[in-house]
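Each remark here refers to the structure printed beneath this line.
The values are calculated or read from the model by the stated rules, or taken from the named source; none is laboratory data. Since this is a predicted model, take the numbers as computed values, not measurements. Backbone-built Cβ (ideal geometry, glycine too); neighbour counts: all protein chains shown. These accessible areas exclude ligands, DNA and RNA; they are computed on the full protein's heavy atoms, side chains included. Shrake-Rupley method; radii C 1.70, N 1.55, O 1.52, S 1.80 Å.
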Amino acid sequence: MKSAYLYKKLENQKVQCQNCAHYCTISPGKRGVCGVRESQNGKLLALNYGKIIALHIDPIEKKPLYHFLPGTYSLSIATVGCNFKCKSCQNWDISQAPQLTGQVGGEEISPEEIVRTTLKNNLPSISYTYTEPAVFSEFALDTMKLARKEGIKNIWVTNGFWSKELFDLVSPYLDAANVDLKSFTDEFYIKYCSGRLQPVLDTLKRLKKKKIWVEITTLVIPTLNDKEENFKNIANFIKKELGPEVPWHVTQFSGAISWQLQSLPNTPLETLKKAYKIGKEAGLKYVHIGNVFGLNTE
Ligand code: SF4
Ligand code: SF4
């Protein structure tokens, strides 16, 4: 547990968390939307600091990042908690654990140990991933600073629902990000993620402006975000606002492993190919179809 880095004190011992675009106002003894930040005696505490729920060594292509340190492996870490509640979440058992159980579990570990493990395994990067790194930003940031000193690259795999304050805090130490652009409608973000679109677009533009390497992922969910217009809007946004060299991953949804969309079928390959074609027609240099066994795209 540690004091949060980004919050404002309000009247009556309330606090406002400034870590993500929810900007939760939290009363004493209560937690924010992510379930891992609690207001205590007029202070905001990050309950998940240093409590690692997952630590693996993954191919960087699994993030997915196809154009950043290709062919390497990345130490990948997460705590519990997320600022979204995606019905499609495949890691819901850890992303939603605090909200579902009230528990903030995980194994105690220090930023120094994370960096030592990375060096011991000769890994060139650390990925902050699986859940949402924004909700463990204090631990991520402390680790990122040490990693940077050792020449290790820092990667966030994120929903992009950040505050401007969070961007300013972490971006100096961030080398690459894979950002979900789940849909191009606010309606989808509200109904299926309990989030909003605009803060995600703002984060993407800020990352681009700061010249941090970005790749984008859209999990294509049958009937929910698989219309041609949605693909066109995403592809045009990437081309116009971020640049044609920014890769777009269109990935297959699997209902069976989703949190609350188990009745939906897997994404047909034809739909992914349609998204691929639309991306290429919009002028994107790199469109990748992902999660489909045995299929490779450029
Ligand atoms: S990180 Fe986001 S969801 Fe969590 S308490 Fe802060 S503003 Fe709320
Ligand atoms: S943002 Fe990612 S980790 Fe969080 S609920 Fe959505 S899919 Fe799960």
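For the range 1-63, take every pair of Cα atoms, bin their distances at 10 Å starting from 0, and report each bin as a whole percent.
Each 10 Å bin holds this share of Cα pairs: 23, 45, 18, 12, 3.
Only residues of the range 37-59 count here: report those whose backbone N is under 16 Å from the spot 7 Å along Cα→Cβ of GLU108, or say none.
The answer is 47-53.
At 0.36 nm per residue, minus the direct Cα-Cα distance, what do LYS208 and ARG148 gain on full extension? Give it in nm, one decimal, please.
Net length gain for the segment: 19.6 nm.
For the charge dipole of the chain, defined by +1 on Lys and Arg C-beta atoms and -1 on Asp and Glu C-beta atoms about the Cα centroid, which residue among VAL80, SER258, ASN236 has the Cα displaced farthest towards the positive pole?
ASN236
Wrap a convex hull around the Cα atoms of the chain, take a quarter of its surface area, and give that in square nanometres.
Orientation-averaged projected area of the Cα hull: 14.6 nm².
How big is the Kirkwood radius of the range 238-298, worked out from every pair of different alpha carbons and given in Å to one decimal?
With all distinct Cα pairs of the range 238-298 included, I get 12.5 Å.
Can you work out the accessible area per residue across the chain, with the rest of the protein chains kept in place, probe 1.4 Å, in square angstrom?
43
Please go through the residue pairs LYS62/LYS227; LYS120/LYS153; LYS210/LYS285; LYS191/LYS280; LYS209/LYS239; LYS62/LYS209 and name each one whose alpha carbons sit more than 24 Å apart in this structure.
Check vs 24 Å cut-off fails for LYS62/LYS227; LYS191/LYS280; LYS62/LYS209.
Pairs LYS63/LYS240; LYS43/LYS211; LYS14/LYS145; LYS87/LYS274: which exceed 27 Å Cα-Cα?
As for pairs spanning more than 27 Å Cα to Cα, those are LYS43/LYS211; LYS14/LYS145.
Carbon and sulfur atoms: what percent of the 1.4 Å accessible area of the range 18-66 do they account for?
51
Given Cα pairs under 8 Å that are at least 6 residues apart, what percent is the relative contact order of the chain?
About 14 percent, as a whole number.
Looking at the chain, send over the antiparallel percent of its DSSP beta bridges, to the nearest 5.
45
Write down the Kirkwood hydrodynamic radius of the range 166-298, to one decimal in angstroms, obtained as one divided by the mean of 1/r over all alpha carbon pairs.
Taking the inverse mean of 1/r over all distinct Cα pairs, the range 166-298 comes out at 15.3 Å.
Can you send over the carbon and sulfur percentage of the accessible area for the range 174-292, probe radius 1.4 Å, protein chains only?
Result for the range 174-292: 52 percent of the exposed heavy-atom area is carbon or sulfur.
Relative contact order, percent, of the range 164-232 when contacts are C-alpha pairs under 8 Å separated by at least 6 residues?
Computed value for the range 164-232: 42 percent relative contact order.
Charges only on Cβ, +1 for Lys and Arg, -1 for Asp and Glu: so what's the dipole of the range 1-126 about the Cα centre, in debye to the nearest 20?
460
What aspartates and glutamates could a cross-link reach from LYS208, if we take a straight Cα to Cα line under 18 Å and drop same-chain neighbours fewer than 8 places away?
GLU165, ASP168, ASP175, ASP180, GLU241, GLU245
Which whole-angstrom value gives the distance between the alpha carbon centres of the range 25-74 and the range 87-145?
5
Please sort by residue number the chymotrypsin sites (Phe, Trp or Tyr not before Pro) in the range 153-207 whose DSSP state is loop and whose Cβ has at most 10 other Cβ atoms within 10 Å.
Here no chymotrypsin sites (Phe, Trp or Tyr not before Pro) fit, given the DSSP loop and packing criteria.
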